[in-house]
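J.: The structure under discussion is supplied below as structure tokens; questions concerning it will follow.
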Amino acid sequence: MNIKIPQYDINLEPFMERPPDFNNKSVLMQTEKGFKSEVINIVKLTSQEKLFQVRILDSCEREKFTFLPGQFVMLELPGCGEIPISISSSSSNREFIGLCIRKAGKVTGMIDRLEPGAIVGIRGPFGTHFPMQKMKGYNILLIAGGLGIAPLRSPIYWVNEQRSAYKDITILYGTREPGQILFDYQFEEWQKIYNLKLLTIIQEPDENWKGRVGLITDLFKEVRIDPDNTFAIVCGPPVMFKFVCAYLSDIGIPRQRMFVSLERRMHCGMGKCCRCNVGSTFTCLDGPVFDYWTVMNLKEAI
Amino acid sequence: MLFKTITKENFKKMVEALLEENEVIGPKSRDRDTEGNKIYRFLKINSFEELEMDYTRSYSSPKNYFLPFKEDLATYHFNDKGWEQEIQYTTHPRVIIGMRACDINALLKLDQVMLKSVYPNPHYFARRRNTLIIGLDHEPLEDCFCRSMNTDTVFHGFDLFLTDIGDRYFVAINSDTAYIILNKFDAGEVTEEDRERFKTVKKQIESKFKTQVDITILPELMDLEFESEVWKKWGDKCLSCGSCAMVCPTCYCYGIEEDTDLSFSKATKRKFLYSCNLLDFAAVAGGHNFRPDAHIRLKYRYYHQFRGFVEAFNQSLCVGCNRCGKACLAGISPKAVIDDLIRTEKLQK
């Protein structure tokens, strides 16, 4: 006698034919399906960072792709690797997304060498977002250090698109050297058209620098913060979080109204590879945007 | 649940029938250790005689038939216009014989992560659906602490579960496929005598647990003793080799590597199982490592197993098989570490 165990062929399931919807995370099954995308434009920002404008090729997939400010995508260069990159463009722009990438590692080093027209893979969006709806009727204080300005561009666009819903918007932006300032071509537009207040500061100035010199926390002397009516968004290197968030909580902004975006190593974006795991928290699922209360209760978070 | 019995002779016939058409995996001795004890592994068997139903412990867990050490996630074919992605899921049916209750419980824990939380994993799903599991009871070994972890018995997650009651197996049946197969081999109805023998065997198994680990206060203790010297004491011994994760039946973390073939015509995206004890586990581009020290990485391994997983799924990730304790080159065992933690807590009080 012989017995054959019944075979189940997942490759015949109907989901294999449908474009994946990463926002439908409880049923999504095409976890590895990347959206084929074209790099339509590359903006050189500094010697280290470039802004890549990436357009999903398939119109059906492009229509399905929606995200909220603060979310990230997994960007793949086939044969080279896949990396998590937060989206640095307007969530209402349905034609392309902007990804600001510093050449820092192996994959980003290869991405840096791409030319317009290159085809890359995109999976996502993943992770949590800044609660833009909840912030309506409040002042927003955006604090960025270095490359931390990249994920903040998305909420900045959002605020401008619904400007009357928000009160005073202030951006505090600090970098180490003047040459590391990103998106300075937009500074005038942000201040004059978006009606935001922008203060920049440099840690190590060169002879041509005429602006403020010091640490990002020095900017607090120049702004008046109303702790009862302010939401804060903080993004930058881990050491910056500590000082900035400690100051903000000292002046009375509740920790639940302070949001930070954390960086971690990630290989999946879906809570499976555990590389971004801290205890029960997955930076890819429960973050990258956390309120500061959660971060304080997270061991080793920053 | 339905119960039947099958004589050992008929069980042999059943295995032989399964061997005709399917890949069958079972415990097989591969070598002997320095003390002359057999080393078992779950491997493909070609005849019933190769199957060692009296095996003690398999060195690595059968988890790898669901989460392989290496697995291709996607293939990319390069062309003039860029590339085309190809995704194929494995679907060939497989039978695994002889899985312990702890290993089946380990699968149930993996099910929570891979199937029952967000982003269900298609690779795991396909393998799980295509595997027929025949479990097997056993008397606990010296260092088994599955009873403390509540994983010494299992009620679902398998197709058949066998308990040796002398000349026959007492069989718990958990799927229709398995029910049909079993009935082809003169499975008997459970008699009063079978039932009594089964209960006796179960009591005997229960009475033989020697190792206990107190995990009741562990989730809280993990927070309270986060800065404890215990972590440094054990962590400084850790060689950061990752052996514990490789043999663990529930560790599932991984990394991704991509490579291009020499003709530059295609590339592969490959997943490989990793370990949170390895140096670059949490290292990011630019040089920062969130967990630079061995003792910090060891602490987070325990933190995930006994605190994080409990918070997420109301159970700890560890099943108490002590494979990691056996495999560890530095002699770090979960019982020793946990006992030490609890001891410092008591001393402080």
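J.: With an 8 Å cut-off on Cα pairs and a minimum separation of 6 or more residues, tell me the relative contact order of chain B in percent.
T.: Once divided by the residue count of chain B, the mean separation gives 21 percent.
J.: Related question: Do the sum for chain B: with -39,500 (n - 2.57) for every DSSP H run of n ≥ 4, divided by all residues, what is the mean residue ellipticity at 222 nm, to the nearest 500 deg cm²/dmol?
T.: That comes out to -9500 deg cm²/dmol.
J.: While we're on this one: Suppose every K and R has +1 on its Cβ and every D and E has -1 on its Cβ; what is the size of the dipole of region B:2-207 about the Cα centre, in Debye to the nearest 20?
T.: Charge dipole of region B:2-207: 420 debye, to the nearest 20.
J.: Let me ask something additional. Evaluate the relative contact order of region B:152-269 (contact order divided by residue number), counting alpha-carbon pairs under 8 angstrom at least 6 apart; express in whole percent.
T.: 12 percent
J.: What percent does the relative contact order of chain A come to when contacts are Cα pairs within less than 8 Å and at least six residues apart?
T.: With pairs under 8 Å counted, the relative contact order is 16 percent.
J.: While we're looking at this one, here's another question. What net charge do the residues around B:VAL247 carry, taking every other residue with its C-beta under 12 Å from that of B:VAL247, with Lys and Arg at +1 and Asp and Glu at -1?
T.: It works out to a net charge of +4.
J.: Which value at 222 nm does chain A reach when only helices count, each DSSP H run of 4 or more adding -39,500 (n - 2.57), with the total divided by all residues and rounded to the nearest 500 deg cm²/dmol?
T.: That comes out to -4500 deg cm²/dmol.
J.: Sorted from largest down, give the three principal axis spans of the alpha carbons of region B:2-207, whole angstrom values.
T.: Here the Cα extents, ordered largest to smallest, are 72, 43, 35 Å.
J.: What fraction of the Cα pairs in region A:31-126, stated in percent, has a spacing above 20 angstrom?
T.: The proportion of pairs with Cα distances above 20 Å equals 27 percent.
J.: Let's see if you can work this out: charge +1 on each Lys and Arg Cβ, -1 on each Asp and Glu Cβ, no other charges. What is the dipole magnitude of the protein assembly as shown about its Cα centre, in debye to the nearest 20?
T.: 760 debye
J.: Now a separate question. Stokes-Einstein diffusion coefficient for chain A at 10 °C in a medium of 1.306 mPa s, Rh from the Kirkwood formula over Cα pairs: what value in µm²/s?
T.: Translational D for this selection: 78 µm²/s.
J.: What does the charge count around A:GLU95 come to, taking other residues whose C-beta lies under 9 Å from its C-beta (Lys +1, Arg +1, Asp -1, Glu -1)?
T.: +3
J.: For peptide A:260-270, compute the average count of partner chain beta-carbon atoms within 10 Å of each residue's beta-carbon.
T.: Per-residue shielding by partner chains comes out at 4.
J.: Report the Stokes-Einstein translational diffusion coefficient (µm² s⁻¹, integer) for region A:125-204, Rh taken as the Kirkwood radius over Cα pairs, at 10 °C with viscosity 1.306 mPa s.
T.: For the chosen part, D equals 120 µm²/s.
J.: Have a look at region A:139-296 and give its Rg and Dmax from the Cα atoms, expressed in angstrom.
T.: Rg, Dmax (Cα atoms, Å): 16.1, 49.
J.: Can I ask one more? Across region B:222-349, what fraction of all alpha-carbon pairs, as a whole percent, falls in each successive 5 Å bin from zero upward?
T.: Using 5 Å bins, I get a P(r) of 2, 10, 17, 20, 19, 13, 7, 5, 3, 2, 1, 0, 0, 0 for region B:222-349.
J.: In addition: How large is the dipole of region A:31-126 about the Cα centre if only Lys and Arg carry +1 and Asp and Glu carry -1, each at its Cβ, rounded to the nearest 20 debye?
T.: 180 debye
J.: Please sort B:224-230, B:274-280 by packing, taking for each peptide the average over its residues of neighbouring beta carbons within 10 angstrom, highest first.
T.: B:274-280, B:224-230
J.: Something else about it: Using the Cβ atoms and a cut-off under 13 Å, what net charge is assigned to the surroundings of B:THR5, where Lys and Arg are +1 and Asp and Glu are -1?
T.: Around B:THR5, the surrounding residues sum to -4.
J.: Restricting attention to chain A, give the cysteines that have no other cysteine Cβ less than 4.7 angstrom from their Cβ.
T.: Within chain A, the cysteines lacking a partner Cβ under 4.7 Å are A:CYS60, A:CYS80, A:CYS100, A:CYS235, A:CYS245, A:CYS276, A:CYS284.
J.: What is the Cα coordinate range of the protein assembly as shown on the first, second and third principal axes, sorted by size from largest, in whole angstrom?
T.: Computed over the protein assembly as shown, the largest-to-smallest principal extents equal 91, 67, 45 Å.
J.: Looking only at other chains, what is the average number of their beta-carbon atoms within 10 angstrom of each beta-carbon in A:100-110?
T.: That works out to 2 on average.
J.: Hey, can you rank A:189-197, B:321-329 by average C-beta count inside 10 Å, highest first?
T.: B:321-329, A:189-197
J.: Another question, then. Go through A:GLY271, A:THR230, A:CYS245 and say which Cα lies farthest out towards the positive end of the charge dipole of chain A; charges sit on Cβ, +1 for Lys and Arg, -1 for Asp and Glu.
T.: Going by the Cα projections, it comes out as A:GLY271.
J.: How big is region B:147-256 in terms of Cα radius of gyration and Dmax, in angstroms?
T.: Calculated on Cα positions, Rg and Dmax stand at 21.0, 60 Å.
J.: Still on this model: Take B:ASP72 and B:GLU49, extend 7 Å from each Cα along the Cα→Cβ direction, and tell me the distance between the two endpoints in nm.
T.: 3.7 nm
J.: Limiting things to C-alpha atoms, what are the Rg and the maximum Cα-Cα separation (Dmax) for region B:246-295, in angstroms?
T.: Using the Cα atoms of region B:246-295, the pair Rg, Dmax is 14.4, 44 Å.
J.: Output needed for chain B: three equivalent-ellipsoid semi-axes, defined as square roots of 5 times the C-alpha gyration tensor eigenvalues, in descending order, whole Å.
T.: 35, 30, 17
J.: Mind checking the mean number of beta-carbon atoms from other chains within 10 Å of the Cβ atoms in B:305-311?
T.: 3
Read-outs throughout are calculated quantities, based only on the coordinates presented, and are distinct from any laboratory measurement. Please read these numbers as outputs of a predicted model, since none were measured by experiment. In this analysis, Cβ positions are derived from the backbone assuming ideal geometry, glycine residues included, and neighbour counts consider all displayed protein chains.
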